[in-house]
Amino acid sequence: MDEDLVESEAGFAGLGLRPELLRALLSLGYEEPTPIQREAIPPVLAGHDLVGQAATGTGKTAAFALPILQALTAERTAGPQALALVPTRELAEQVSQAVHRYGRELNVRVLPVYGGQPIGRQLQALSRGVQVVVGTPGRVLDHISRGTLDLSDVRTVVLDEADEMLDMGFAEDIEAILAETPAERQTVLFSATMPPRIDAIARRHLREPVRIQMAREDVAPGEMPLVRQSAYVVGRPYKAAALGRILDVEAPTAAIVFCRTREEVDSVTEALNGRGYRAEALHGGMSQDQRDRVMGRLRGGSTELLVATDVAARGLDVEQLTHVINFNVPSAPEAYVHRIGRVGRAGREGVAITLAEPREQRMLKAIERLIGRRIPIERLPTVTDLRARRLELTRATLQNALEDDDLERFRVVIDSLTDDHDIETVALAAVKLLHEAAGGDVDEAEIPSPAPARRDKETRQRPTDSGVTRLFVGIGRRAGLRPQDLVGAIAGESGLPARDVGAIQITDRFSLVEVPDSAADRVIKALSRATIRGRRPTVRRERPNR
Ligand code: AMP
């Protein structure tokens, strides 16, 4: 069925993409275009300039990468045929990898260029000839002035995350780079926000652009079911582990976990089954029959977790559903509303949880605007939380058993053991056995709080609002430290308001304290000079133990 979908009018084929690209998308497990792709790909393919308002997580990369790939010609040109400018080195690598993946069958030659990477390797690759360059403005300009990058063959220029680039002070570099490209080029601009400065750039450098804004269906307040909503910010490598923990703590009766692609569905299902859940995959690659059977097992209670793509879960209605979990921020705010509409029906309690990568937090904001409600960002359960939770489950299991009326037959065991041991020790051993039979203690590494987005070396550091940084402070309970001492020292020495100081954990010899990312450096500097309970402790970022 997946093949039908990709090749159908509703799928990517309906957008006019060539077979090599369709096959690449199919093998990546993309089931259908995201809204921004549906709207942007046809006009860009037709050669129009375009201004698109879209943040990370909407699928905007494919929205410009696929048309670029479609238009590539095999003939050798002196310089690249397409140039994408992006604000950070991280994004340069990400976009370049995406172009490479989508263009696999076309053997596309794509090169990321950014500061901080040895220029020699870039020079070599450039001299061998590349078709697409993805770079940060500073380094691209560098190559132009060295004469190592010839932009005279460029047919399409993309300005990706244009607002970020302006914020980082790249406006003049962008102007200078555009001046080196042919006047008749196609220009595509994507930006999460549309401040007047972006408009000015679009007016100066784009020709009658098609304008696309993610549709804003207004949701009437009454339409939003009463659902407890929250989000967690997690770095990509830790998402599966984070999901496992959240499920451990939430203990849903029946939940659906939404993923972007079939591959993601499969790997998440596997990870959850490895953690002892009864999880089943549901995606467009399965026959209707298979899907019906999976649904039956969920309704019957023999499956507790369904891991699905949007396409596969369309129209799905399960009464028992208590939790909707978004493994990624949905690519359109409206999709979020549709997904969470599956829980909290008929006055029952529902829970919606979203995992967001640090870069996807803007999409969360867009969702908040649409639903007119804040989605609080929660702290991931720590190993300590998990241990406490498991002990609590063991306690609850025992509590239940205490109400059973067939306990008497075990009295002979107690009686024979209490000859040599006191009864409390016997009880402790029994609890231990029960606890271990139920999975035992948690034995896993802490998940680090996401580091602030890495900025290109050539760019200026800008405070991000992406979350919190955990600091290590080398003083603890043994020195008589109390939470208020830490808050007092931080507020007094760095000027950070006490209410901005987050979770504090005090151990015997050291403490961990959360502060906003944007204040971390300032707090470290200020605390390093401070005396706390007569000492001058080490203060640094926490080093996650992986
Ligand atoms: P972007 O907004 O371009 O950063 O893309 C966000 C994520 O969505 C990336 O991991 C893409 O691989 C994924 N993605 C993009 N388009 C689709 C699609 N049509 N179906 C499923 N996943 C997609």
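Every read-out reported here was derived from the displayed coordinates using simple, explicitly stated rules and does not represent laboratory data. Keep in mind the model is a prediction, meaning the values are calculated, not measured. So basically every Cβ, Gly included, is an ideal-geometry build from the backbone, and we count neighbours across all protein chains shown.
For the chain, the longest principal axis of the C-alpha atoms and the axis of helix 196-205 are separated by about 30°.
Listing Asp420, Asp199 from the residue with the fewest other Cβ atoms within 10 Å to the one with the most, what is the order?
On the way: Asp420 8, Asp199 12.
Going from least to most buried by this count: Asp420, Asp199.
Taking the longest Cα principal axis of the chain as reference, the axis of helix 119-128 is set at about 50 degrees. As a rough footprinting exposure proxy, the listed residues Arg411, Arg342, Arg293 were ranked by other beta carbons within 10 Å of their own, and the order from fewest upward is Arg411, Arg293, Arg342. When the Cα gyration tensor is reduced to axis lengths a ≥ b ≥ c, the ratio a/c stays below 1.5 for the stretch 227-371, which is therefore classed as rounded. Largest first, the three principal axis extents of the alpha carbons in the chain are 94, 69, 47 Å in whole numbers.
Cβ crowding within 10 Å ranks Arg478, Arg387, Arg109 as Arg478, Arg387, Arg109, fewest other Cβ atoms first. Rounded to the nearest 20, the size of the Cβ-charge dipole of the chain about its Cα centre is 2080 debye, with Lys and Arg at +1 and Asp and Glu at -1. What is the helix-to-structure angle for 361-371, meaning the angle in degrees between its Cα long axis and the longest Cα principal axis of the chain, kept from 0 to 90 and rounded to the nearest 10? With both axes taken from Cα atoms, the answer is about 80 degrees. Here the simple spin-label model places points 7 Å from the Cα toward Cβ, and for His338 and Asn107 these points are separated by 4.0 nm.
In deg cm²/dmol and to the nearest 500, what is the mean residue ellipticity at 222 nm of the chain if only DSSP H runs of at least 4 residues count, each as -39500 (n - 2.57), divided by the residue total? Please list the in-between numbers first.
On the way: 21 runs with 222 residues, N = 546.
Theoretical 222 nm ellipticity from helices: -12000 deg cm²/dmol.
Close lysine pairs were tallied over the chain: pairs 8 or more places apart or on different chains with Cα atoms under 22 Å apart number 4.
With a simple spin-label model that places each label point 7 Å from the Cα along the Cα-to-Cβ direction, the separation between Ala427 and Ala46 comes to 7.7 nm.
FRET efficiency for the pair Gln117 and Ala78, taken as 1/(1 + (r/R0)^6) with r the Cβ-Cβ distance and R0 = 22 Å, rounds to 0.45.
Modelled label positions at Glu93 and Arg478, each set 7 Å beyond Cα in the direction of Cβ, lie 3.9 nm from each other. Using only side-chain charges placed at the Cβ, +1 for Lys and Arg and -1 for Asp and Glu, the dipole size of the stretch 468-541 relative to its Cα centre rounds to 340 debye.
Say a site is exposed when it is one of the GluC sites (Glu not before Pro), sits in a DSSP loop, and has at most 13 other Cβ atoms within 10 Å; what is then the longest site-free stretch of the chain? After excluding every exposed loop site, the longest remaining stretch is 76-183.
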